[in-house]
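Chemist: I have a structure I would like to understand better, so I am pasting it below and will then ask my questions one at a time.
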Amino acid sequence: MAAWTERAELLFKKEGLDRLKNANVLIVGVGGVGSFAAEFIARAGVGKMTIVDGDVVDITNINRQLPALHSTVGKPKIDIVGDRLLDINPELQLTRIKEFLSPERAFELVSPEYDYVMDCIDSLTPKLNLIIAAKRKRVKIISSMGAGGKMEASKVKVANIGNTQNCFMAKAMKKKLRAVKIDKLKVVFSSEIQDESSLRMTDGSNFKKSFYGTNSYMPALFGLHAAEAVIRYLLKPKTEESND
């Protein structure tokens with residue numbers, strides 16, 4: 001046992017730590033939600049991870065993203081997050097893919113070698129393609145819905161997408177998923193009514209047409225809930241795994 005996992009072993013037991021060490025997780029998007037999700041997954045002791053992101057740190061990311069500092073503006077998020085993960089666990093088998101996920105790449109990237117896929121993308125089209133790829137290939141996935149325009153931490157929860165409410169991203173995603181006959185998807189969402197006055201439109205680059213104002217803690221909280229769902233799943237013996 002590595003010294004840094006001592007406290008985790010007390011809670012997870014040796015067999016739990018072994019399951020985490022042997023697990024393989026794919027995280028797509030390491031911005032506000034994904035950077036925190038990746039950190040929690042790494043600190044839990046997951047042994048193998050692939051992170052995907054094509055973006056660089058922008059000055060506007062500083063209020064909510066783990067890799068975003070004044071000293072890192074303009075630098076690739078995947079480099080900063082990746083270096084941090086390896087500093088947490090030098091034995092982590094880490095693969096970094098520096099690109100925005102195109103529809104074709106989503107289907108190439110997702111494979112049964114992953115125990116879990118974490119969708120932390122904030123744009124609808126690549127998010128949909130990743131979900132479809134995971135569902136078609138029968139790889140477990142959890143998807144983050146909209147953290148923007150939200151303030152109440154207590155309203156964040158994990159549920160099937162069919163049980164979501166007051167989330168514009170989930171509403172749009174449900175419609176798109178119905179069109180491809182997908183009705184079951186584990187998501188992180190907030191039931192709080194979004195503050196529509198915080199909406200801004202964009203130029204549509206990188207599949208993103210708009211965004212909501214976001215505070216410092218909501219993206220991290222979404223990442224925390226996603227990581228909890230994944231870690232608790234990975235800790236279960238294979239005979240106890242659920243089908244959701």
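Chemist: Cut-off is 10 Å between beta-carbons; in what order do 167, 120 appear when sorted fewest neighbours first? Display every interim value, and only then the final one.
Modeler: Numbers: 167 23, 120 29.
In increasing order of surrounding Cβ atoms, one gets 167, 120.
Chemist: Which order do 75, 140 fall in if you start with the one that has the fewest other Cβ atoms within 10 Å? Don't skip to the end; give the middle numbers.
Modeler: Details: 75 14, 140 21.
So the ranking, lowest neighbour count to highest, is 75, 140.
Chemist: If you average the alpha carbon positions of segment 131-170 and of segment 89-123, how far apart do those two centres end up, in angstrom?
Modeler: Cα centroid to Cα centroid, the span is 18 Å.
Chemist: So, one more: What are the residues whose amide H is under 5 Å from the amide H of residue 75, where those residues sit 5 or more places off or on another chain and H is modelled from the backbone?
Modeler: It is 57, by chain and number.
Chemist: Here's a follow-up. Over all pairs of distinct alpha carbons, what does the Kirkwood formula give as the hydrodynamic radius of segment 1-64, in Å?
Modeler: The answer is 13.1 Å.
Chemist: How do 182, 142, 62, 80 rank when sorted from fewest to most other Cβ atoms within 10 Å of their own Cβ?
Modeler: Numbers: 182 18, 142 24, 62 15, 80 21.
If I rank by nearby Cβ atoms, fewest first, I get 62, 182, 80, 142.
Chemist: Hey, what number do you get for the chain at 222 nm if only DSSP H runs of n ≥ 4 count, each worth -39500 (n - 2.57), divided across all residues, to the nearest 500?
Modeler: Taken over the chain, the calculation gives -12000 deg cm²/dmol.
Chemist: Please figure out what share of the DSSP beta bridges in segment 9-237 is antiparallel and state it in percent, rounded to the nearest 5.
Modeler: 30
Chemist: Now for a separate question. How large is the Kirkwood hydrodynamic radius of the chain, counting all unique pairs of alpha carbons, in Å? Write down the numbers at each step before the final one.
Modeler: On the way: mean 1/r = 0.0552 Å⁻¹.
Answer for the chain: a Kirkwood hydrodynamic radius of 18.1 Å.
All of the numbers you see were taken from the coordinates with simple rules; none came from a lab. It should be emphasised that the depicted structure is a prediction, and the values quoted were computed from it without experimental measurement. Cβ sites come from the backbone with ideal geometry, for glycine too, and all protein chains shown count toward neighbours.
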